[in-house]
Every structure is written in C-alpha cells, then in structure tokens.
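Input: a single structure, listed below in structure tokens.
The values are calculated or read from the model by the stated rules, or taken from the named source; none is laboratory data. Computed from a predicted model, the values in this text were never measured in an experiment. Note that each Cβ is placed from the backbone with ideal geometry, even for glycine, and that neighbours are counted across all protein chains shown.
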Amino acid sequence: ELLPPPSAASSLLHCVDLSGCAKLTNDAVLALAALPDLRRLSLAGCVLVGDDGARALQRMTRLETVDLSGCRQLSDEGLASVSALTGLRSLHLSRCALVGDGGLRQLAALRLLSALDLDGCDRVTDRG
C-alpha cells in the first residue's frame, strides 16, 4: 500500500507534492481523492500517472493548482476529466507528449484558469 488511508488529520491537508515519484500510479491518485480540502497537487514527473489518474482528480473539487508535467500517460481523454475542476486557476502540463489540440479545447471550460504551461506538448498546434 503506497499511501495510508485518510484520517481525521487528512482534512487539514491542503497541499501535496509528489513530484518525481516515478513509481506512483493512477491508484495512488485515486487514494488522494479522499482528501476533501486539497487545493494544490503536484504529480510532476510521475510518469505512470495517466488518464485514469486524471479521472480521479474530478473528486478533488477544491483543487486550484495542479501540476501534471511529465505525466507521459496523460492524453486528451484525461484532460476532459480535468476540465471538470471548475475552481482550477493554474495547470501545468509541460512534457505531456500525448496532449494535443483536442485536450486543449476541453480546458476552455475552466473560466478561472489564469496560468497554463504547455511547454514541450508537441501535439498542440495553432488549431488548439
């Protein structure tokens, strides 16, 4: 078991940084979804996190900042789930090689989004 089950203290947790945890999977993101007050989450460099992990993010309705940079399994399909996070203000997707124009269009629903990092997303074009 990678992450312990949530406890009463978990409700005090607002920021989780798991950057560079290369062995972290979508299952761990699902476990994080039990943290009701999470505002900031970094999964940068978690190369095994993909669309199923992004779907788990939908449960974290208070998220304001998400870093999915280097999540190589994340595609446009996963971004459709991220677009449900209506309170999102900052989203980092650099080096997400499977993200393209279709996923970018999904993000148009995020009205509060003020920072978007797409560095190294080679499938994003002028049409996105």
For this session: Only one of these is of a type in the set (Lys, Arg) and not in a loop (DSSP other than H, G, I, E, B): Arg105, Arg62, Arg111, Arg95. Name it.
Result: Arg105
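Please go through the stretch 103-127 and pick out each residue that is over 21 Å from Met60 (Cα atoms) and either surrounded by fewer than 16 Cβ atoms within 10 Å (Cβ to Cβ) or among the basic types (Lys, Arg) (or both). Spell out how you get there, then give the answer.
Here is the first cut: in the stretch 103-127, the ones over 21 Å from Met60 (Cα atoms) are 105, 118-127.
Result: Arg105, Asp119, Gly120, Asp122, Arg123, Thr125, Asp126, Arg127.
Inspect the stretch 72-80 for any residue being among the hydroxyl-bearing types (Ser, Thr, Tyr), part of a strand (DSSP E or B) and within 18 Å of Ser19 (Cα to Cα) and give the result as yes or no.
So the first thing to find is which residues in the stretch 72-80 are among the hydroxyl-bearing types (Ser, Thr, Tyr), and the list is 75.
Next cut, part of a strand (DSSP E or B) only: 75.
Going one step further and asking which of them are within 18 Å of Ser19 (Cα to Cα), we end up with none.
No: zero hits.
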For this session: Filter the stretch 81-92 down to residues that are buried (at least 18 other Cβ atoms within 10 Å of the Cβ) and in a loop (DSSP other than H, G, I, E, B), then give me how many there are.
Result: 3
Exercise. If you scan the stretch 57-76, which residues turn out to be out of contact with any helix residue (DSSP H, G or I) (no Cβ under 8 Å at 6 or more places or on another chain) and surrounded by 20 or more Cβ atoms within 10 Å (Cβ to Cβ)?
Worked result: Asp67, Ser69, Gly70
For this session: Scan (1) in contact with a Ser or Thr (Cβ under 8 Å, 6 or more places away or on another chain); (2) surrounded by fewer than 20 Cβ atoms within 10 Å (Cβ to Cβ); (3) at negative phi for the single condition Ala54 breaks and write down its number.
Result: (2)
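How about the stretch 40-54: which of its residues are part of a helix (DSSP H, G or I) and within 9 Å of the chain's Cα centre (by Cα)?
Step one: of the stretch 40-54, the residues part of a helix (DSSP H, G or I) are 51-54.
Hits for the stretch 40-54 are Gly53, Ala54.
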For this session: Kindly indicate which of Arg59, Arg95, Arg111, Arg55 is farther than 20 Å from Arg127 by Cα and at pLDDT 95 or above.
Result: Arg55
Problem set entry | Filter result (surrounded by 21 or more Cβ atoms within 10 Å (Cβ to Cβ) and in contact with a strand residue (DSSP E or B) (Cβ under 7 Å, 6 or more places away or on another chain)) within the stretch 93-102 | Leu93, Val99
